[in-house]
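Written below as structure tokens is the structure these notes are about.
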Amino acid sequence: MKKVYTRPKSLRKVPMHYCPGCGHSIIHRIIAELLDEMKLSDKAICVPPAGCAVLAYYYLDIDMVEAPHGRATAVATGIKRVQIKNLVFSYQGDGDLAAIGTAEALHAANRGERITVIFVNNAVYGMTGGQMAPTTLVGQKTTTSPAGRDAKKEGPPIKVCELLSGLNNTTYLERVAVNSPANIRKTKKAIKKAFEYQQKKTGFTLVEILSPCPTNWRMDPVRSCKWIDEVMAKEFPLGVIKETKC
Amino acid sequence: MYGTHAIGEAAIQAGCTCYFGYPITPQNELPEYMASRLAQVPGGVFIQAESELASINMVLGASVSGARAMTSSSSPGISLKQETISFLAGMELPAVIVNIVRGGPGLGNIAPAQSDYFQATRGGGHGDYRVVVLAPGSVQEMADMTFLAFDLADRYRTPVMVMGDGMLGQIMEPVNIPKKKKKLPDKDYILTGAKGRPPRLIKSLILDTKEMEDHNWKLVRKYERISQNETRWEGFLLDEADMVVVAYGTAARIAKGAIKRLRREDERIRIGMIRPITLWPFPTKALVEIGQKVKDFFVFEMSTGQMVDDVRLALEGKSFIHFYGRPGGVVPTPAELARSMARHYYQSKRKRRK
């Protein structure tokens, strides 16, 4: 019988700790599939973040090194400058990349480090229990914005792709989502493109992924997926934000 | 050669190919030197990072990739690096960190000081760990100890700090730079992509408490090995001394001058000196041995008194400990120090006669 669907080799055979409906497991799988398909698993080095996805190293069967909270792009810079032939990518959440690690991300992008950032935006701090993130939407209630985010006090959500797009050395920035089969396929395409650009040594690449966090959004998984389409994607428009062809 | 340049050249000779830093006085000549020097080294990487945080994390990345990597800064900048120094200790990654200490707390000033002793020898960041701290006393030693620091870092897979001060960094002295290493040690833990081997994981997160405890004790065993094998100190006129000065770095140089001056003025004065070269591990055993004969110790530091605690711990109340400290970036002259030393020396003698 022909096998049409199987566990990617780069994904370990262990149960994941993620909550039901969480986007991380989908994104892990996409990355693992791509590493297999592109034959990159023995060249890849991943820097997972502080947050729920720190345990990515139990799931992805590749070389991994932990980074302090927010510093993944700096660590990835150090790695890539030494291991120039390897595929180096960081996997970061919105708090990690757009709050505590903004300087590191911005400057790695500005230097045009030949790395890829997988930026998972779920609009909250997931692991610590759903506090307000830099990407929390205006009016969105979290444990630290109980009355909803107030743009006048807390500022509007930060759009990372748009922010980085003004920097000359960013070559590929795309925003995708993992809330539907069609969007999941687009996410895979986007990450693939980012990895390809990295191998062509063009510059800094980042894929922002809108990802559901049903637990902290206080929604069921189905509603969470709808919420991404109906609310989140209005603030964070999907699509290629910047692509410098070469 | 300038002290900071000697550090830079010794690092290059030791096989350092990666330097990451951020400007701060009084150590800017070191990143400047590395910027031009690493451009001539095959595979050399120099990045002026956006912050101290970024630079030490780039060191982490380069280190986990197998390169000999280094960063440098001065006191406030070293404070910023502490988080990742703790990670390096926990992940057991080698790194060399140079601290050209200035007066503090806060921004303080840019004058030579020794006020970072606590921070350096007590770990500095969060968690149960130690950092090997080397305290050079001359430009020659700046070079020698930088060279040694890379070997120690690799041998024990641990961060090593070279701690000088603005004085040692800025003075010029003749120096013999140690010769280039032919072969660097193989590393079986580094990340290169899992080609032909199982994937590797370097981390410090250990959620299981029993496992974390095991890891903590494993680090302690390593620190004990370092204490046994790597404790370094220098004695000066210790024979028949009845008072022993304890001082390191620039302070030890001034103390040497003061002792010579006093001995010249009065032959009956028998003051010697012990100069800790490793601040951690501290030369406790040597002090205990000396303490069996000598009852008076005179600690001199360019701070309000930090190393003096380690001297007290070593001697356990069995000797009398005198202290003279000059914080704030003040560098006393040998004559000033000699006056204080003589006062303590004669007072002790009188007391003992009574």
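The values are calculated or read from the model by the stated rules, or taken from the named source; none is laboratory data. Predicted model, so just to flag it, every value in this text is computed and none were measured. With ideal geometry, Cβ positions are generated from the backbone for all residues, glycine too; neighbour counts draw on all protein chains shown.
Figure legend. Inter-residue proximity from the stretch B:146-157: first residues on the phi > 0 side of the Ramachandran plot, second residues surrounded by 24 or more Cβ atoms within 10 Å (Cβ to Cβ), beta-carbon distance below 7 Å, spacing 6+ or different chains. Indicated pairs: B:R157/B:L93; B:R157/B:P94.
Which residue, of B:V139, B:V133, is within 20 Å of B:Y2 (Cβ to Cβ) and crowded, with 23+ Cβ neighbours inside 10 Å? Step by step, each of B:V139, B:V133 is checked, and only B:V139 is within 20 Å of B:Y2 (Cβ to Cβ) and crowded, with 23+ Cβ neighbours inside 10 Å. For B:L152, the conditions (1) of a type outside the set (D, E, K, R); (2) part of a loop (DSSP other than H, G, I, E, B); (3) surrounded by fewer than 24 Cβ atoms within 10 Å (Cβ to Cβ) all hold with the exception of (2).
Look at B:E234 and say whether it is more than 21 Å from B:A135 (Cα to Cα) and not β-branched (V, I, T). No.
Here B:D242 passes the criteria (1) farther than 30 Å from B:G166 by Cα; (2) assigned by TED's automatic domain parsing to the domain that holds B:R157 except the one numbered (2).
Of all residues being farther than 21 Å from B:A69 by Cβ and among the β-branched types (V, I, T) in the stretch A:43-92, which is farthest from the chain's Cα centre (by Cα)? Just the residue, please. It comes out as A:I62. Restricted to the stretch B:17-119, the set of helices (runs of 4 or more DSSP H) holding at least 1 residues that are basic (K, R), more than 16 Å from the chain's Cα centre (by Cα) and away from chain A (no Cβ under 12 Å) comprises B:29-38. Exactly one residue out of B:V288, B:V299 is closer than 30 Å to B:V98 by Cβ and among the hydrophobic types (A, V, I, L, M, F, W, C), and it is B:V299. The number of residues in the stretch A:53-71 that are more than 7 Å from every other protein chain (Cβ to nearest Cβ) and not aliphatic (A, V, I, L, M) comes to 4. In summary, no strands (runs of 3 or more DSSP E) completely within the stretch B:229-318 bear 2 or more residues that are among the hydroxyl-bearing types (S, T, Y), more than 26 Å from B:G329 (Cβ to Cβ) and free of Cβ contacts under 8 Å to residues at least 24 places away in the same chain.
Kindly establish whether A:D96 is charged (D, E, K, R), buried (at least 23 other Cβ atoms within 10 Å of the Cβ), more than 9 Å from chain B (Cβ to nearest Cβ) and within 26 Å of B:I206 (Cβ to Cβ). Yes: the conditions hold for A:D96. Restricted to helices (runs of 4 or more DSSP H) entirely inside the stretch A:171-244, those with at least 1 residues that are in contact with a strand residue (DSSP E or B) (Cβ under 8 Å, 6 or more places away or on another chain) and within 25 Å of A:C19 (Cα to Cα) are A:181-199, A:214-217. Residues in the stretch A:52-95 that are aliphatic (A, V, I, L, M) and closer than 17 Å to B:S63 by Cβ: A:M64, A:V65, A:A67, A:A72, A:A74, A:V75, A:A76, A:I79, A:V82, A:I84, A:V88. Pairs are defined by a Cβ separation below 8 Å, a sequence spacing of at least 6 or placement on different chains, a first member in the stretch A:79-93 that is within 8 Å of chain B (Cβ to nearest Cβ), and a second member that is of a type in the set (F, W, Y); the pairs so defined are A:L87/A:F195.
Within the stretch A:123-139, residues that are in a loop (DSSP other than H, G, I, E, B) sit with their Cβ atoms under 6 Å from residues that are aromatic (F, W, Y), at 6+ positions apart or across chains, in these pairs: A:A133/A:Y125. Does any residue of the stretch B:184-205 turn out to be surrounded by 18 or more Cβ atoms within 10 Å (Cβ to Cβ), away from chain A (no Cβ under 14 Å) and either over 23 Å from A:H69 (Cβ atoms) or of a type in the set (D, E, K, R) (or both)? The answer is no, given that none of the residues of the stretch B:184-205 is surrounded by 18 or more Cβ atoms within 10 Å (Cβ to Cβ), away from chain A (no Cβ under 14 Å) and either over 23 Å from A:H69 (Cβ atoms) or of a type in the set (D, E, K, R) (or both).
Among the residues of the stretch B:70-78, are any more than 20 Å from B:G164 (Cα to Cα) and crowded, with 23+ Cβ neighbours inside 10 Å? No. When A:A74, A:A50 are screened for being more than 7 Å from every other protein chain (Cβ to nearest Cβ), in contact with a Gly (Cβ under 9 Å, 6 or more places away or on another chain) and farther than 26 Å from A:R185 by Cα, only A:A50 passes. Any residue at all in the stretch B:55-62 that's hydroxyl-bearing (S, T, Y), more than 13 Å from B:V96 (Cα to Cα), surrounded by 24 or more Cβ atoms within 10 Å (Cβ to Cβ) and in contact with a Ser or Thr (Cβ under 7 Å, 6 or more places away or on another chain)? No - not one qualifying residue is present in the stretch B:55-62.
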